[in-house]
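*Asks:* Below are the structure tokens for one structure; questions will follow.
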Amino acid sequence: TDLEDGVDGVTEFNRGSRPTVRISHRLERVRRPQRYRSTIAHEFGHVVLHDQLFQDLDPGLGFASAVAVSRDFEKHSEINDRHQAWMESQAWYACGALLMPLTVLQGIVRIECQACEQFGPVWMLGEFGQELIRVCADRFEVSQDLARIRLIKTGALTESPPPRGLFS
């Protein structure tokens, strides 16, 4: 399906029936398998996490249908509607969990940290943090953005720089 510019996927919830998921053909044409996989997993997150919530809404509220629009990953944090932002955040979390299973991710992080003799917090903007993001993105075939977020959410990366040492 061709969707509006900047929209990767759409999940439409309809009362009394299964959700309809549409993925932009643009993702196939530009040969971005990481974005394509991430969008499919993200929309799957909407279906699993949000369809039953929509089905259970009081019909008196007037919602006959609802739509979750998934934009470019980099733009998802710019969403102003707090309900849409909540749903998007959950769907992105599900996407990361599905494509980067925790035990496998922890094993890769442990091996990489031991190989580089990295003990303690790994700062996401540090040299090793950037390398860890690249390694995980490659191993799981996901974008570096998704790898970075998953590593932060699981505690493998920190968003704050390490405290300065006595001699640094």
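The values are calculated or read from the model by the stated rules, or taken from the named source; none is laboratory data. The structure presented is a predicted model; accordingly, all values stated were derived computationally and were not measured. Using ideal geometry, Cβ is built from the backbone for each residue, glycine included, and neighbour counts are taken over all protein chains shown. The accessibility values were calculated without ligands, DNA or RNA, using every heavy atom of the protein model including side chains. Shrake-Rupley method; radii C 1.70, N 1.55, O 1.52, S 1.80 Å.
*Asks:* Which of the residues spanning segment 92-104 are within 16 Å of ASP138 (Cα to Cα), surrounded by fewer than 16 Cβ atoms within 10 Å (Cβ to Cβ) and not hydrophobic (A, V, I, L, M, F, W, C)?
*Replies:* The answer is PRO101, and nothing else.
*Asks:* Moving on to the next point. Could you list, in sequence order, all residues of segment 132-144 that are in contact with a Cys (Cβ under 9 Å, 6 or more places away or on another chain), part of a helix (DSSP H, G or I) and either among the small types (Gly, Ala, Ser) or more than 16 Å from GLY107 (Cβ to Cβ) (or both)?
*Replies:* GLN144
*Asks:* Contact list please: Cβ distance under 8 Å, first residue in segment 1-24 and assigned to a strand (DSSP E or B) and open to solvent by 50 Å² or more (accessible area, probe 1.4 Å), second residue among the small types (Gly, Ala, Ser) and at pLDDT 85 or above, pairs at least six apart or on different chains.
*Replies:* VAL21/GLY9; ARG22/GLY9
*Asks:* A further question follows. Return the total of residues in segment 30-52 being part of a helix (DSSP H, G or I) and either open to solvent by 10 Å² or more (accessible area, probe 1.4 Å) or of a type in the set (A, V, I, L, M) (or both).
*Replies:* Qualifying residue count, segment 30-52: 13.
*Asks:* Let me ask something additional. Only one residue in GLY107, GLY129, GLY120 is modelled with pLDDT of 90 or more and either outside any helix (DSSP H, G or I) or surrounded by 13 or more Cβ atoms within 10 Å (Cβ to Cβ) (or both). Which one?
*Replies:* Selected residue: GLY129, the only one of GLY107, GLY129, GLY120 that is modelled with pLDDT of 90 or more and either outside any helix (DSSP H, G or I) or surrounded by 13 or more Cβ atoms within 10 Å (Cβ to Cβ) (or both).
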